[in-house]
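The structure appears right after this line, and notes come after that.
The values are calculated or read from the model by the stated rules, or taken from the named source; none is laboratory data. Note that the structure is predicted; figures quoted are calculated from it, not measured. Heads up, the Cβs are rebuilt from the backbone with ideal geometry, glycines too, and the neighbour counts pull from every protein chain shown.
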Amino acid sequence: QCNCSIIGDTESGEAVVVDPGGNVDVIVKKLETLGLNCKRILITHGHLDHIIGATELKKRTGAVILLNQNDLGLYQKVNEQCRDFRVPLPEFPLDAPDAFLADGDVVQWAPNLT
């Protein structure tokens, strides 16, 4: 899937990964190539192709997972989504989000970026 974006600050070396829908090896390699450390994982919504790599990326980078509270129910039903779309279940059960966002919240991407 092509839903993932990396937003990075080369000055601080910090990055946010948005919607890691899988291929975590590719994401980590790209972060390394760019010299960036993932500090936050931002999930825009709870569809499986936006969330399935979140826990593995968290385990590999130590980043926190951010999600809108309104999408928690869908996020928690990832296994049902996978069955419905005949997609393999995630290798790791999804960790609960570390923090919830609401419409209008401002996210600190890096020390110099909001």
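How many residues does the stretch 37-50 hold that are without any contact (Cβ under 8 Å) to a residue 60 or more places away in the chain and crowded, with 22+ Cβ neighbours inside 10 Å?
Filtering the stretch 37-50 down to residues without any contact (Cβ under 8 Å) to a residue 60 or more places away in the chain leaves 37-38, 41, 43-50.
Then keep just the ones that are crowded, with 22+ Cβ neighbours inside 10 Å; that gives 38, 41, 43, 48, 50.
Final tally of qualifying residues: 5.
Does residue 56 fit the bill of being within 10 Å of the chain's Cα centre (by Cα) and over 25 Å from residue 112 (Cβ atoms)?
Details: within 10 Å of the chain's Cα centre (by Cα): yes; over 25 Å from residue 112 (Cβ atoms): yes.
When the stated conditions are applied, residue 56 passes them.
Given the condition at pLDDT 95 or above, surrounded by 18 or more Cβ atoms within 10 Å (Cβ to Cβ) and either hydrophobic (A, V, I, L, M, F, W, C) or in a loop (DSSP other than H, G, I, E, B) (or both), answer yes or no: does some residue in the stretch 80-94 qualify?
No, the stretch 80-94 has no match at all.
So, in the stretch 6-42, of the ones that are in a loop (DSSP other than H, G, I, E, B) and at negative phi, which residue ends up nearest to the chain's Cα centre (by Cα)? Break it down into steps so the answer makes sense when it comes.
Of the stretch 6-42, the ones in a loop (DSSP other than H, G, I, E, B) are 10-13, 19-23, 35-36.
Keeping just the survivors that are at negative phi gives 10-12, 20-21, 36.
Numbers: 10: 20, 11: 22, 12: 20, 20: 5, 21: 8, 36: 15 Å.
My answer is 20.
Give me the pairs: first residue in the stretch 3-18 and within 13 Å of residue 37 (Cβ to Cβ), second residue small (Gly, Ala, Ser) and modelled with pLDDT under 90, beta-carbon distance under 8 Å, and six or more apart or on different chains, which are they?
As it stands, the answer is 8/110; 9/110; 11/110; 12/110; 14/110; 15/110; 16/110, since those pairs meet every condition given.
Could we say that residue 64 is farther than 22 Å from residue 111 by Cβ, surrounded by 15 or more Cβ atoms within 10 Å (Cβ to Cβ) and free of Cβ contacts under 8 Å to residues at least 40 places away in the same chain here?
Details: farther than 22 Å from residue 111 by Cβ: no; surrounded by 15 or more Cβ atoms within 10 Å (Cβ to Cβ): yes; free of Cβ contacts under 8 Å to residues at least 40 places away in the same chain: yes.
So residue 64 does not fit the description; no.
Tally up the residues in the stretch 8-26 that are surrounded by 21 or more Cβ atoms within 10 Å (Cβ to Cβ), over 18 Å from residue 78 (Cβ atoms) and among the aliphatic types (A, V, I, L, M), please. Show your work before the answer.
Within the stretch 8-26, the subset surrounded by 21 or more Cβ atoms within 10 Å (Cβ to Cβ) is 8, 14-17, 19-20, 22, 24.
Filter again for over 18 Å from residue 78 (Cβ atoms), leaving 8, 14-16.
From what's left, among the aliphatic types (A, V, I, L, M): 15-16.
Matching residues across the stretch 8-26 total 2.
Being part of a helix (DSSP H, G or I) and among the aliphatic types (A, V, I, L, M) is the filter; apply it to the stretch 48-58 and report the residue that is farthest from residue 107 (Cα to Cα). Full working, then the answer.
Restricting attention to the stretch 48-58, the residues satisfying the condition of being part of a helix (DSSP H, G or I) are 48-51, 54-58.
Then drop every residue that is not among the aliphatic types (A, V, I, L, M), which leaves 48, 51, 54, 57.
Working: 48: 23, 51: 18, 54: 18, 57: 19 Å.
Among those residues, the one meeting the criterion is 48.
Checking residue 45 against (1) of a type outside the set (Ser, Thr, Tyr); (2) under 14 Å from residue 95 (Cβ atoms); (3) part of a loop (DSSP other than H, G, I, E, B): exactly one of these is not met. Which one?
Unmet condition: (2).
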